[in-house]
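Worksheet: the structure to be examined is printed underneath.
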Amino acid sequence: MLGAFNAFIPTPFSMHFRKILTKKALAYTTYSMQNTPIDLHILDFKGSLQSVPFTFKDHFEIAQKIISGFEFRLSLESETPRKSARKGAYLLIPPTLAPSPPTKREASLIKSYLSKGKVIACCGGVIKLAHLGVLDDKEVTSHWMFQESLKRNFPRVRPSLHKTLVQDQNIITTGGIQSYLDVICFIVKSTMGTAAARKYNQFVQGYGVRDFQIPTIEKKETELEKLFKVFDRYRSEELHLKFMANEHNMSTRSFQRHIKLNYKINLRKALKEYRIQKIKSLLEKGFPIKQISHEVGFQDDVSLRRFFKQEFKMPISEYRKLLQLI
């Protein structure tokens, strides 16, 4: 509309009028943002974290006190059931450790918010959305504990579980249990702007919207772990098909069949998974990057950094920082 209006303004004055109109448009946008209450409805259900509504209420009240123009309306499905969404409103599906498919009522409400507002699913709450098929072919995040469940039960969903928060149009998914704190900052930033979010974070000493989740460290004995113990017998330069087949008195073809039959994985993928696990283990122990690259069989630390970023979707330096939080 602004471009169409400028077409009728004489050339010498176009820039002058554009500046005036831009200032007025920005002023109007700011005014609208600061005078439209944030409408957040929490779909609390049996098994969801009961502390979430209280946390949102407390933090939104803090934001209201310190940020000029910040207003909110917060409601719970258990207290004030809704049949449909209000335009531009948020629906929050809280964290849960025992996710379940949505009921017919929940499914109807979620679809209503998807058509009129935004839906935010935290941790295990993401599974409710997955059951509806609305996450198909979308990038999502959730808690690490649901990684296998997502892959097995929802193959069309694209998990990026290294991320804390992922937005795909009007669907926002978040990771670990306390990622709803990132959601609070996300809502403040989305509705009130970066300066307001910064002011809120400084006041509560929060960490804003984090890029990455703290890495998971799992110690469990699997068939693959048994194979990794076999690999541990060899030096990094010996971890190749010809050498290991010879050590087992097998042809290379027979050795590949042996690995596939006994460990349900091909040798190339097994060696890759072994490298990944060993890198994680050495990082946890605090080994220098150059030493890790030598231990795992990379030519140099540059090759290791490139491999790590490709597999973990984050720089190795960022991963090491996150390990310090464990």
- prompt: Can you spot a residue in the range 48-58 that is farther than 20 Å from residue 36 by Cα, at pLDDT below 95 and touching a strand residue (DSSP E or B) at 6+ places or on another chain (Cβ under 6 Å)?
  reply: yes
message: As an exercise: evaluate residue 267 against (1) more than 17 Å from residue 225 (Cα to Cα); (2) in contact (Cβ under 8 Å) with a residue 12 or more places away in the chain and give the number of the one condition it does not meet.
response: (1)
query: Residues in the range 113-124: is at least one in a helix (DSSP H, G or I) and loosely packed, with under 15 Cβ neighbours inside 10 Å?
result: yes
query: Of the numbered conditions (1) touching a residue at least 40 places away in the same chain (Cβ under 8 Å); (2) touching a Pro at 6+ places or on another chain (Cβ under 8 Å); (3) not small (Gly, Ala, Ser), residue 305 satisfies every one except a single condition; which is it?
result: (1)
- request: Considering each residue of the range 147-185, count those that are under 21 Å from residue 319 (Cβ atoms), assigned to a helix (DSSP H, G or I) and either in contact with a Ser or Thr (Cβ under 7 Å, 6 or more places away or on another chain) or among the polar types (S, T, N, Q) (or both), and give that number.
  value: 4
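Condition check ((1) within 25 Å of the chain's Cα centre (by Cα); (2) modelled with pLDDT under 95) across all residues:
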site	(1), (2)
71	no, yes
79	no, yes
86	no, yes
92	yes, no
98	yes, yes
102	yes, no
107	yes, no
113	yes, no
129	yes, no
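Within 30 Å of residue 309 (Cβ to Cβ) and at pLDDT 90 or above, is that true of residue 193? Can you show your working first?
Details: within 30 Å of residue 309 (Cβ to Cβ): no; at pLDDT 90 or above: yes.
Criteria not met by residue 193.
The values are calculated or read from the model by the stated rules, or taken from the named source; none is laboratory data. These numbers come from a predicted model, not from an experiment. Note: ideal-geometry Cβ built from the backbone for every residue, glycine included; neighbour counts use all protein chains shown.
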